[in-house]
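Participant: I am attaching a structure below and will ask some questions about it afterwards.
The values are calculated or read from the model by the stated rules, or taken from the named source; none is laboratory data. Please read all numbers here as calculations on a predicted model, not as lab measurements. Ideal geometry is used to build each Cβ from the backbone, glycine not excepted, and the neighbour counts take in all protein chains shown. Calculation scope for accessible area: heavy atoms of the full protein, side chains included, ligands and nucleic acids excluded. Shrake-Rupley method; radii C 1.70, N 1.55, O 1.52, S 1.80 Å.
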Amino acid sequence: MKPGRRVAGWAGRCVVVALSLAAYPPIRLPAQVDRTRPPTLPPPPSLKRPAVQTATLPNGLTLAVVEMHKVPVVDVEVLLDAGAARDPTDVPGLATFTAAMLQQGAGKRAALDIADEAAFLGAQLSTNASYDGAIASLHVPKRRLAPALDLLADVLLRPTFPDSEVTRQRGLRAAQLLQQRDEPVAVANVVFPAIVYGPGHPYGHPLNGTDGATAALTRDRVTQFYGAAYRPSAAYLLIVGDVTLAEARRLVAARFAAWERADVPAPPSAPAPALAPRAVYLVDKPGAAQSVIRIGHIGPPRTSPDWYALEVLNTILGGAFTSRLNQNLRETHGYTYGAFSQFVPRRMTGAFVALASVVTAKTDSSLIEFLKELRRIRDEAVPAEELAKAKAYITLGLPGDFETTGNAAARFRELLTYGLPLDYFDGYIDRVNAVTAQEVQRVARQYVDPDHFDIVVVGDKSQIEAGIKALNEGAIAYRDLWGQEIR
């Protein structure tokens, strides 16, 4: 086609389009928007939380079912009172090692057979332990639920703990502990609880144990721990997803009714450690590019009636990207990629911690800003706008926690683990919205105590020691990679 004809064709099409548009009324531009003010949001819709239905099997196993039928998937979690708080004093790390060993041989399946079966079913199977419990979890398509529960029952009820796998897993853990020495964040996560709780407290030892304790792990120790703690009368079986209570009860009874009932020793208990005067605990990591900071002390248990106010307080202080700590240390000063805080939930005494990894050269400056914000949250009333923003952050984010079966299972697991009422979330939004600025300041003064902070810094001592001493924020003690005093 000649160039002239291409132009004519294009022009002709433009005429047709113009004539077509002439049939429509003129477009009216919207009124000018005032971009200096955020839009007014309507009130959030009420939270439609799925209900929890429960049943108890004759052997004492408690079944909790949450029906969510929009997607044909199911999450199953078996929660056991077999956490690291039960570790013998001479074998810290036994609980997490036992949980890991569950997948290394069960029934007639070897470790690879278990992994292959899970993959064939399209399932995600995991077993692990925290301080307050052990968890065996399963995420699976609904149509594969029955065979996946067969696999889960084998793992939980019929683990074989082969000597060869104990030896292999023991070697893997020893290697992990060696790697931990080169990771300042991992070191800080071990040292901080060791200092806050002390070696005699059930939360004061490392979750994965020590070099010496790892060498002492044997099949007999694993079998003894499993036999004492893995019992149905001290367990919950939580199922969330495309299943009914009647269906779940039938499936579970067929596979777990034979789980032998036996008494489980009462959970360990210990008084809250006494608060000590503020001190800095320096762990030397030569050549570290950053200093890892942990600041805090013991805190309330998860069941504290102050938890709603504490959530609002922490959101203001360090629980979100726009919280004070992150805005100060990251956005204003550029000392870190992120600075945050948390009230760590625990069945017994919890902990408060503020944390960041900061540029080595700004370690002392970062401590100044940390302590400034931690004192300010106690000394100054929270402005109304900041309070409202924190409460909106919490309440508007809650529905998202129940959008998927996995997220919903995590929230209900929290209730079962810490002994909270199953209707806890029914009045959650109202209780958060009822928190006042006066309550935030009250809990800040009660649970954030700068005079008794344990300040842990893992970094290059030769680069940061002088600056820390010049702050004069407390005595300086020197600790090793396990949090033990260096003499």
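Participant: Ranked highest first by the average count of other Cβ atoms within 10 Å around their residues, in what order do 472-483, 121-132 fall?
Facilitator: 121-132, 472-483
Participant: Per DSSP helix of 4 or more residues, -39500 (n - 2.57); summed, then divided by the residues of the chain. What does that give at 222 nm, rounded to the nearest 500?
Facilitator: Estimated from H runs of four or more residues: -12500 deg cm²/dmol.
Participant: Whole number in Å², please: accessible area per residue of the stretch 135-275, 1.4 Å probe, ligands, DNA and RNA not counted.
Facilitator: 44
Participant: Please work out the average accessible area per residue across the stretch 53-102, using the 1.4 Å probe convention, and give it in Å².
Facilitator: 30
Participant: While we're looking at this one, here's another question. Under a point-charge model restricted to the Cβ atoms of Lys and Arg (+1) and Asp and Glu (-1), what is the dipole moment magnitude of the stretch 211-306 relative to its Cα centre, in debye to the nearest 20?
Facilitator: The dipole of the stretch 211-306 has a size of about 40 debye.
Participant: If you average the alpha carbon positions of the stretch 57-127 and of the stretch 297-330, how far apart do those two centres end up, in angstrom?
Facilitator: Measuring centre to centre over Cα atoms gives 32 Å.
Participant: Still on this model: Near G467, within a Cβ-to-Cβ distance under 14 Å, what is the net charge of the other residues, with Lys and Arg +1 and Asp and Glu -1?
Facilitator: -2
Participant: Follow-up question, since we're still on this one. Residue farthest toward the positive end of the dipole of the stretch 355-487, with Cβ of Lys/Arg at +1 and Asp/Glu at -1: which of P421, A410, V458?
Facilitator: V458
Participant: As a test, work out the antiparallel percent of DSSP beta bridges whose residues both lie in the chain, rounded to the nearest 5.
Facilitator: 75
Participant: Additional query: Here are some values of volume of the Cα convex hull per residue in Å³: (i) 181; (ii) 256; (iii) 199. Which one was computed from this structure?
Facilitator: Of the labelled values, this structure produces (ii).
Participant: What base-10 log of the normalised intensity I(q)/I(0) is obtained for the stretch 250-356 from the Debye formula, alpha carbons as equal point scatterers, at q = 0.14 Å⁻¹?
Facilitator: The computed values of log10 I(q)/I(0) come out as -0.76.
Participant: State the percentage of accessible surface on the chain attributable to carbon and sulfur atoms; use a 1.4 Å probe and exclude ligands, DNA and RNA.
Facilitator: 55
Participant: Sorted by packing (mean other beta-carbon atoms within 10 Å per residue), highest first, where do 354-361, 252-259 land?
Facilitator: Averaged packing, sorted descending, gives the order 354-361, 252-259.
Participant: Now, a different point. Let me know the number of lysine pairs in the chain closer than 30 Å at the Cα, not counting same-chain pairs under 8 apart.
Facilitator: Total qualifying Lys-Lys pairs in the chain comes to 19.
Participant: Moving on to the next point. Taking the Cα centre as origin and putting +1 on Lys and Arg beta-carbons and -1 on Asp and Glu beta-carbons, what dipole magnitude results for the stretch 349-442, to the nearest 20 debye?
Facilitator: Charge dipole, the stretch 349-442, about its Cα centre: 240 debye, nearest 20.
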